[in-house]
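Chemist: The structure that follows is given in the form of structure tokens.
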């Protein structure tokens, strides 16, 4: 399985910091944010990784991370034109995947969990990972019926469960057919939630639970939360490959 880090978006919630650099190069305590998704994939047994970001920022990543040898991975890069949504960015990984399943992680998601077992056991469909949180209106929220996810609602006003969909996903090759047929949402973006719901419709959307720390470091509050967690030493000891 190959890995994809989606490091696009304009980071407007983190202005003025993101007026200087890409959000995913901001520090989480003593390391750039991008180090964390790289480490999560590597610890999950994935060492071939594609980073997708705006063309204007891609050179920042490639100059800094180069081919990934310092992180014990192989890195390649692909440009995303504009902010077309997570599913739009994922289209860039089709050739890179070469028909294999992929692990997708959002570049601003910080995990303590190890997904190696999930990666090794994954066969078909899609798998998402859930975490019980209090601020559900920021996230996609699953709707359950008889223990199965029948739908994911994006940023619902009245959440139907206590769980947020985190930014780590496993997809089979069918994902590229699914996202090629998606229509833009009211935000003008191709939503990953819509892709998940297509899998739910055919009863191939599975899920696991996050037991350790998780932060979606896209706001000042969550950026601080992640930095405080890292500062306490709860971080993976070898997040930069040492």
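What follows is calculated from the coordinates using simple rules that are stated; it is not laboratory data. Not measured: the values here are computed from a predicted model. As a convention, Cβ positions derive from the backbone with ideal geometry for all residues, glycine included, and neighbour counts pool all protein chains shown.
Chemist: How would you classify region 1-157 from its alpha-carbon gyration tensor, with a ≥ b ≥ c the square roots of the eigenvalues: rounded for a/c under 1.5, else prolate if a/b is greater than b/c, otherwise oblate?
Modeler: The shape class here is oblate.
Chemist: Looking only at 73, 165, 20, which one moves most when the chain is put into a Gaussian network model with springs between Cα atoms under 10 Å?
Modeler: With Cα springs under 10 Å in the chain, the top fluctuation among 73, 165, 20 is at 20.
Chemist: Tell me what the chain gives for mean residue ellipticity at 222 nm when only DSSP H runs of n ≥ 4 count, each as -39,500 (n - 2.57), the sum divided by the residue total, rounded to 500 deg cm²/dmol.
Modeler: My calculation for the chain gives -7000 deg cm²/dmol from helical runs alone.
Chemist: Moving on. Compare the peptides 110-121, 85-96 by average per-residue count of other Cβ atoms within 10 angstrom and give them in order, highest first.
Modeler: So the order, starting with the most tightly packed, is 85-96, 110-121.
Chemist: Can I ask one more? Can you give the extra length, in nm with one decimal, that the chain gains between residue 120 and residue 47 once fully stretched, where that is 0.36 nm per residue apart less the Cα-Cα distance?
Modeler: Here the answer is 24.9 nm.
Chemist: In what sequence, highest mean first, do 135-145, 175-185 appear when ranked by Cβ atoms within 10 angstrom?
Modeler: Highest to lowest by the protection proxy: 135-145, 175-185.
Chemist: Moving on. I need the peptides 218-227, 202-211 ranked by packing, meaning the mean over residues of other C-beta atoms within 10 angstrom, with the highest value on top.
Modeler: The peptides rank, most packed first, as 218-227, 202-211.
Chemist: Let me ask you something else. log₁₀ I(q)/I(0) of region 41-100 at q = 0.16, 0.23, 0.24, 0.31 Å⁻¹, via Debye over equal Cα point scatterers, no solvent, to two decimals?
Modeler: With one equal scatterer per Cα and no solvent, log10 I(q)/I(0) is -0.54, -1.01, -1.07, -1.24.
Chemist: Could you let me know the centre-to-centre spacing of region 52-114 and region 141-180, using Cα atoms, in angstrom?
Modeler: Centre-to-centre (Cα) distance: 22 Å.
Chemist: Cut-off 10 angstrom, C-alpha nodes, Gaussian network model of the chain. Which of 29, 169, 199 fluctuates the most?
Modeler: Largest GNM mean-square fluctuation: 29.
Chemist: Further, regarding this structure: Need one number: nm distance between label points at residue 66 and residue 13, each 7 Å from Cα along Cα→Cβ, rounded to one decimal.
Modeler: Spacing of the two 7 Å Cα→Cβ label points: 3.5 nm.
Chemist: With a ≥ b ≥ c taken as the square roots of the eigenvalues of the C-alpha gyration tensor of region 103-242, please select rounded if a/c is under 1.5 and otherwise prolate if a/b is larger than b/c or oblate if it is not?
Modeler: In terms of gyration-tensor shape, prolate.
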